[in-house]
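The values are calculated or read from the model by the stated rules, or taken from the named source; none is laboratory data. Everything numeric here is computed off the predicted structure, so don't read it as measured data. Neighbour counts run over all protein chains shown; Cβ positions are idealised from the backbone, glycine included.
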Amino acid sequence: MNNNLYWSVYKNLEAEFLNLSNLIHINDEQLEIYSIKISELLIRTVVEVESISKELYFVNGGSKPNDKNLFFDTDCIDLLENKWQLSKKHVLISASNLYLEFEENIILTPLKKANKRGTSSSEWLRAYQAIKHNRAQNLKKGNLKQLIRSLAGLFLLNIYFKDFIYTLEKDGTGTNFDGRLGSEIFSVKIHINKRISIETEYSKNDDFENCVYLLKATDETKLIAQNSIKILNKKISEKVNAKMMTEVQKRISGLQISNQNKIQMEIKNIVDKIKSDFTIEAAEQNSTMLRTAFEGLRYEAILNKCQY
């Protein structure tokens, strides 16, 4: 997206947090540390969350008027949640000077419940509201834990705002994809599955919903590979159909089988064997075509917007 007014602000907030991390040994036990400065950063971070979520709302089809009745959480983030399932997306702590060990503090789902209000909302949003309305009474709620999670949520929204496609060329394993995406604190996962199928548009692993980026073959090179598979399948089908009836009749003619189910099972075994034999034969005969098609695959990383 052009004219990104938000990334530089996010990077400034990140830099201020990193300055804090040089003063505080941030490990799992220290996450409850609070201060005026931490509360200030939390408030500024969530103000950015409000602004960027509203812009994403309108860019992605939001239709409510841009007035005081438009709420960044229950309207804007809720629309994005319904489109992209942001609540399931993982943001990982990757900064070398954050000494966190517990999984719940390293693998975050910062936008989980961010589209809700009150006691149903995310903890960092509840902390923000409490500090905003009564800082003196609620200062303890403005701690490192909530600041980190709010920054992770803002980082995630910035990624979706930028909406970059990364060209990976022949890298079908995602080795050259830098999951930090410009952050010095966080990183995201890329979903790796380079299987090419003519039945499924995109093959999903168990971690699909948690990944912010998806590795895929480019549409042009994928189509070439799929066409090669179709040609191979057609040749196999033609040979199998031509051979099947005569082979089936020949192989079962001498069988002394009275049970119909056993006859059907025998026919299935014969057909499967014929298909297997011809698949190997056809693959060998068309190996150059297949190799050329799959060597020509080029890959890219795209945002996971639940498009598959």
From the options Lys68, Lys54, residue that is out of contact with any strand residue (DSSP E or B) (no Cβ under 7 Å at 6 or more places or on another chain), more than 22 Å from Leu31 (Cα to Cα) and surrounded by 14 or more Cβ atoms within 10 Å (Cβ to Cβ): Lys54
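To keep it simple, each residue is scored yes or no on (1) touching a Phe, Trp or Tyr at 6+ places or on another chain (Cβ under 9 Å); (2) exposed (fewer than 15 other Cβ atoms within 10 Å of the Cβ); (3) of a type in the set (Lys, Arg).
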site	(1), (2), (3)
Leu154	yes, no, no
Glu169	yes, yes, no
Ile190	yes, no, no
Lys194	yes, no, yes
Ile198	no, yes, no
Val212	yes, no, no
Lys216	yes, no, yes
Glu55 vs. criteria over 21 Å from Tyr308 (Cα atoms) and in contact (Cβ under 8 Å) with a residue 60 or more places away in the chain: yes
Candidate set from the range 200-224 (those that are part of a helix (DSSP H, G or I) and of a type in the set (Val, Ile, Thr)); member that is farthest from the chain's Cα centre (by Cα): Ile224
Of all residues in the range 54-113 being more than 30 Å from Asn19 (Cα to Cα) and among the hydroxyl-bearing types (Ser, Thr, Tyr), the one that is nearest to the chain's Cα centre (by Cα): Tyr57
In the range 194-221, the residues that are within 15 Å of Lys89 (Cβ to Cβ) and either among the aromatic types (Phe, Trp, Tyr) or in contact with a helix residue (DSSP H, G or I) (Cβ under 7 Å, 6 or more places away or on another chain) (or both): Phe208, Glu209, Asn210, Val212, Tyr213
The lone exception for Lys89 - which of (1) surrounded by fewer than 19 Cβ atoms within 10 Å (Cβ to Cβ); (2) within 24 Å of Arg126 (Cα to Cα); (3) basic (Lys, Arg) it fails: (1)
Residue in the range 182-193 that is over 25 Å from Ser94 (Cα atoms), in contact with a Ser or Thr (Cβ under 9 Å, 6 or more places away or on another chain) and part of a loop (DSSP other than H, G, I, E, B) present: no
Of all residues in the range 127-152 being over 30 Å from the mean Cα position of the chain (by Cα) and free of Cβ contacts under 8 Å to residues at least 12 places away in the same chain, the one that is farthest from Gln30 (Cα to Cα): His133
So Glu14, is it acidic (Asp, Glu), surrounded by 15 or more Cβ atoms within 10 Å (Cβ to Cβ) and touching an Asp or Glu at 6+ places or on another chain (Cβ under 7 Å): yes
Residue count, the range 123-142 (criterion: outside any helix (DSSP H, G or I) and more than 22 Å from Ser21 (Cβ to Cβ)): 1
Residue count for the range 174-199, restricted to those that are in contact with a Leu (Cβ under 8 Å, 6 or more places away or on another chain) and touching a residue at least 40 places away in the same chain (Cβ under 8 Å): 13
Selected residue [among the basic types (Lys, Arg), outside the structural domain of Lys37 (by TED's automatic domain parsing) and closer than 17 Å to Thr218 by Cβ] from Lys194, Lys189: Lys194
